[in-house]
Every structure is written in C-alpha cells, then in structure tokens.
1. Apply 1/(1 + (r/R0)^6) to the Cβ-Cβ distance of B:Asp136 and A:Gln165, taking R0 = 45 Å, and write down the FRET efficiency to the nearest 0.05.
2. Given the protein chains as shown and a 1.4 Å probe, how many square angstrom of A:Val57 are accessible, to the nearest 10?
3. Explain nothing, just compute: Karplus ³J(HN,Hα) = 6.51 cos²θ - 1.76 cosθ + 1.60, θ = phi - 60°, for every residue of segment A:118-125 in order, whole Hz, x for Gly and Pro.
4. Could you work out, residue by residue across B:69-80, how many beta carbons of other chains sit within 10 Å of that residue's beta carbon, and then give the average as an integer?
5. Which length gain, in nm to one decimal place, applies between A:Asp157 and A:Ser107 when the Cα-Cα distance is subtracted from 0.36 nm times their residue separation?
6. Probe 1.4 Å, all protein chains in place: accessible area of B:His15 in Å², nearest 10?
7. Once amide H atoms are built 1.01 Å from N in the peptide plane, which residues 5 or more positions from B:Asp196, or in another chain, come under 5 Å H to H?
8. Tell me the label-point distance for the pair B:Arg448, B:Glu218, using the 7 Å Cα-to-Cβ offset, in nm and rounded to one decimal.
Amino acid sequence: MPFPNVRLANRPLHFIYLCDCSGSMAAQGKMQALNQAIRQSLPGMAEVARQNPEARVLVRAVSFADRASWHIAQPTPVEQLQWVDLQAGGVTAMGEALELVAAELRSPPMEERALPPVLVLISDGQPTDDFEAGLRSLLRQPWAQKAVRLAIAMGHDADLEVLQQFIGSDPGAGGGLPAGEVPGASGQAPRHRPGKSPRRPLQASNATALAQYIQWASTAVVGAASMPASRVAGATADGNIPLPDLPPTVMDPTDDVGPLVW
Amino acid sequence: MVSSGASPAPTAALHCSRIGAAHRRQGRPCQDFSLSHRCHNAAGEPVLVLAVADGHGGARYRRSERGSRLACELAIAEVERAMGPRATDEQRQAGQGAIAADSADLAHWRRWLAQELPEAIHRLWLEAIAADWERDPEGADPCRPDPYSLATTSPAAVAEAPEGGCAEGFSPLSYGTTLGLVVIGPRWWGHTGLGDWDLVRVEAAGGGASLISEEPAELAAGEATCSLCQRQAARLFAPRSGLYPRREGEAFALVLSSDGIRKSCATDADFLALAAHLAATPAGESELLESALDQISREGSGDDVSVAIAQLGVAPPDRAQNQDRQIQPSQAAAAPEPPGSGHWRGRYPVLLLALGAAVALGLALPRLVPSSRFTDQDPPAAPTPATIPPPTPGPSPAELPLELQARLRRSIAQLCASPASIRASLKQRKSQSAGLATGRLQARQLQRNAATDPLGALLGTAFLAREPQPTLRPLQALGACPELEAALAATWPAGPADRRMGPLPAHAGPAGSSRPTAPPP
C-alpha cells in the first residue's frame, strides 16, 4: 500500500518587516542602526528556522517614505536572504505600506496552511498619509487578523498611538493581568515589568535596544510562531500566539543605554 | 433510498494516534488520543463510535494529554450508556431521544447529538479532570477542586488566574482538549464535537471524497480552537453536529482526523486524497497506518496526528463471495447513475484529485476484514451485495467546492435548528426563488456568493439539484432535515414559469418527512 501522491508540506511562516525610511531616519544613525540590526539578526533567524523544520520561514520587507514599495518582494527563505541596506529620505507613507502588505495577505496568494504571519512595523515618526485607511484594509484580511503584529518605536518621536493601533488592543491594559504583564510561553509567571509588553510598541532609544528587539522578533517570536501550540479560542491574553518573554535588557532600564540616544 | 430495515453493520474500524515529529524532538508527550468502539443499542443492534481528541499544546495546558484521553473514553462511554440497554425505563419514558433504541425520530437524535450528549460529556469530563487532579495534584497543597465553579469562569480569566494553592492550581484549562465524535447506528450516522478536527466521507468505487465537517472559521482564529475547558463548551458542539440517514446499498468510509493531518497537506485536495488513502488501510494492518501517520507528521506539520476510520456497508471478502448470488434484480434496477454525471461533471477539477485517490479505496474495500481490535466483538454483517453499488443519483456534495460545502452545512444546520421558522426564512427569499425559476438569477452565481449570502447559495444549490433529475440528494447529504427538504421542494412548484421542471419526486415532497421512516427497533 504505497503512500499516495499527495503533497505533504511544512507550513510557510511569512515574516514581513515594514520599515520607516523617512528623512528623519537619516538622523542620529537610525537608518544605519536598523540596517545593521536586521542584518545581524539573520543568522539567528536562520538557526531558529533550521531547528523548526516544520516551518518554512520566508522573509519580505516593505520600505515606506514618500511612497511605499517592496524592498524584498519575493518571500525569501531566511537562509538565502541577503539584506540590502535601506536608504532614508522622504515622508512617511505608512498607510500605503499597510495596503501593500494587505494585498499580499489575501488568499491567494497566501497559502491555505500558512502559519500565522509575523508583521514587524518599525517607525520613528508619524504617518503622513491615510494610515487609518491602510490599517482598515490590512485588518480586513483574515491573515492579518491572525498575524502576530509587533511594533518598534525608534526614539521618542514615534507615534505610539498609531503603532498600538497596528498591534491591536493590549489585553493586559484592562482587567486580568496587571498592565504590561503577559504570560510567557515558558508557562512561568511573566517577568515583564509593568509598562513593558510585546503587545505594546517596543520603544528603542538606542541602537543596542533596537538590535535586541529585532533579534527577539526574528528568533524568539519566529520560534514561537514556527511551532504554534493549539490553544483555547477566546483566551485573549495570548493574542494570536503566546509571545515569548521580552529580552532581558528591556526589563532592566539600566541596561537601556547605548552609544546613541534617540 | 433510505433503508427500510437495518443497514449493514460497519465492517471495519480502526484508530491510531502518533506523536508528532516536533513533539518528539522537543521531548513532549503525544497530546492526541483516539478510539474506536463497538457497542449495541437497546435493540441489540450494532453501534460503532469513533473519537479523536487533540490536547492543546501550549505550556499552560500541561495535562492536555490526560484531557484528550478522558474526553475520548468518557464520550464513548456516554454514547454506549445512552444508546444501550442500560438506560433506565424512566429515562425511556421521559422521551429522551438519547435513550430510545435507535429511534426513527431523526430529529430527536439530531438534538441529542447537538445538545444532550454534549452537556453530558462536558459534565463528565469536568468531573473526571477534577478527580484526576485530586488523585494527582500539582504542588504541595492538594485539596478538592470545584470543577463547576471554574467552569463558569471565562476562559481568559481562568487562563490568567495566578498560580499556587489548590483553588488556583487546578484549572480545566490544564486539561484543555478538542473532541470529535462519530456515532454510526443501523439507520443513521452522525457526528458532533468541538475544536479543529475534520471529518471526511470517502465513497467506495471511486465516488470521491468530501469534507463533511470542519471547524467554522468564525469560532476560532489562527491556531486557536474551541475546547472542552471552555465554560460554554457544551454549546459549541452544535455547529459541529450533523445526522444523516443510512441508505440501503451505501458503501463509504468515514475518516475522523485531528488537525495535524490536514495541516500537513499542501491543499484541501491533497487532504481529501490523503483521507481516501487512509480510509483504504486494511484493518489488520495497523503498522501501515502508524507508518503513514509518522510520515505525514514528519513531512508536514510536525504536530501529533490522529485518525479514526470506519468503513460502512462493505462485507468482509469471505462473506462477499457468498453474497454475489444474493443481488436481487430490484437492487440492480435501483442502481443509480455514477457520480459526476450530468451537468456537474468536470465542474470542479480540484476534487478530481480526491476522486483518483478514492479509487484506491474502492479497490481496497473488498479486502477489508473486521478490525483486528474488535474482531471477536463484531456482530454478523447484514446481507450486502459484494459488488459495491454506485452512489445514488444526482450531484454528490463531493462535487461542490469545499468552502461552499462548509457554508451550506452551516446554513442548513442553522435552519434545521429551528424547523418551525424554515418556511418563514425561505419566504423572505421569494424574490431569489422567483428569479431562479424565471432565469433572471443564475444558481451558480448565488453559489459563488455563498460567503455573503449562504441562504441564497442554498437556494441555488437546491435549484440546481432539481436538474436533470429532480432530487434534493445533495442537500440531504449535507444534513438537511426533512422540514427543510419539504420547504425547498415547495419553493418551486411546477407552473407556467417553470414548465421544463416537473414537481419534485414524492420522496422529497412536502409531506412532512421526505424520508421513509425507519421501523421501530
């Protein structure tokens, strides 16, 4: 009784960066820090992918300034990815970037069996186009609703409210757990300090913190999303997947120093 | 044609659960569980029960492998108790459909599957996990947990309850699991459960495979699923419940599987083909099934994988040879045209993949022997033609796109949940009904709009089912209750605007029930 000619497949995990490339990113080495952080995170991401063969980690990136465009248009296996530096200049067409991603999260082209995508929005400012329309378009897609949506604010000029809208409501903000507390994937009591949560914009005030957030998103979060554990519908504290603990430095503000302060 | 007596007993059943490749690598236990079990109803007729449960994988569901095992065992025990001779006279007199021995009252059994059985399973499961915790508590402060108080707490609140102490340490969440259940009696078969399991029906003789039940997307998102540990768990069974009369001469297999199998397949067409392959596993070859499941997990999702399979209406080969001579002319004359006939043929090429795989089932079914796990319990098989007859006429639901099937099933289930309001619901669609009859509306366009107008899609499908041979069989196979069939049959009476279509046949007519009633047990 030979095995039938059916296509068994590991499940694609789409990881998409949405990178702010507005003119302000050129200041204080922010763009350079972002390029470096992403490039340095790739080996770790590839290792996580290797350890989870049931997931096929595919990376893409959108850049947005005056207009939004695909920086890496093809879903690229992380082990084959070579990061080409982003360049800063222009305004902040964040809404258009969300529209671009929304189009790619339709089914098709999204596969029936894909894992929840991971979307990482990185910005240092405020959108200059119709962000609300872009977000509405994005969240109309079921795959966007299922996605793990993370946001990193570079510096203190970033519009945290907009980034929080992208992430969605923070279940830790009301009732249940104290603000900022989320259960860790380890099952242990969460170690996040109040106010720090992956369900809120992660504020990077220097290159070191940015690198740690990017590393966390591209390894710990990818690892959690690669082997999703089934869970109870309605357990809102989990979001779409139980997120891993934030990197240790984020929990200790005294570590949050670096050569640049944005 | 509905069986006027008992349909042939299921001739084979098998089940298997295998630890997923990822779980094995991570040193985690298999959190799936599956069972198949034969018992008898109060009349002594054979009943087959399949169960598959998938314990949640998150860290907080740390006893989910116990939860899934208990769910399967308790569900099967409850089915056996409710259908079997151990039911009390008082319960019978109370008119509980669950107690009557395979009653002809299909509506009664439908309600049992959707409401009464789920409530019993949920209650028993909560009691069992509380007892399990009491026997084997975590932490140093064991005390008696109260499963009911926790079960009335919202899942999110339970999930977020702090650790430590007895009341805080025990939570139904720790045992969280899905549950899929199939009950096969002599005159009907049905399914119920909650969570992300799948149920596929594979026709014999290359008749195709179709997805009978899947978790509605609106009930769960992403990797989330409905669970027995939820407060409202008993109510979550209804959307996954369905009941179908067994018909004379039918030969098909049912494949109940945990989500790890479907998620290992590139597409739904691959999943259906794989289900057809698994359905053809010879019952005595459990190693073949284990090997196949291991390969599925290894090359696919990495998740635990479970399957429970029943083959219906097929006699063991030794009996089949003797029964060749028993085929009566009336049976041959009643043999309907093969599936895929008429205007449905070739409309949905994606399902042809599954048809091809189902041929393997057709070839393999005659080789089936009673399940090795239940051989000595098998009741005698009823007389069955050795040559598997082709399915009954009209377009098969297998020929409808999967998404449309799912939406039709949900729409049908909603309508049949309130039979008294069916006609009122259809009356509101007089414009669509008239449009179909006059040609102003295209039935296939209504089917394509199923996502936004499932009732319109149902009307379109019912309308198409009247051509070229008037029959509502596709809707019957999708779980339509007699009241719905009757109402649909009355929707397009033959008239000047519809001269080319005669009235619907008597068996689908509006006389209360479209199906001959089964005899009392």
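The values are calculated or read from the model by the stated rules, or taken from the named source; none is laboratory data. Everything numeric here is computed off the predicted structure, so don't read it as measured data. A quick note on method: Cβ atoms are made from the backbone with ideal geometry, for glycine too, and the neighbour counts reach across all protein chains shown. Surface areas here come from the heavy atoms of the whole protein model, side chains and all, with no ligands, DNA or RNA. Shrake-Rupley method; radii C 1.70, N 1.55, O 1.52, S 1.80 Å.
1. On the way: r = 46 Å, r/R0 = 1.02.
After rounding to 0.05, the efficiency reads 0.45.
2. We get 10 Å² for A:Val57.
3. 10, 10, 10, 9, 10, 8, 10, x
4. Numbers: counts 0, 0, 0, 0, 0, 0, 0, 0, 0, 0, 0, 0.
Per-residue shielding by partner chains comes out at 0.
5. Numbers: separation 50, 0.36 × 50 = 18.00 nm, distance 3.58 nm.
Here the segment from A:Asp157 to A:Ser107 would lengthen by 14.4 nm.
6. Per-residue accessible area (B:His15): approximately 20 Å².
7. Amide H neighbours of B:Asp196: B:Cys226.
8. The two pseudo-label positions are separated by 2.4 nm.
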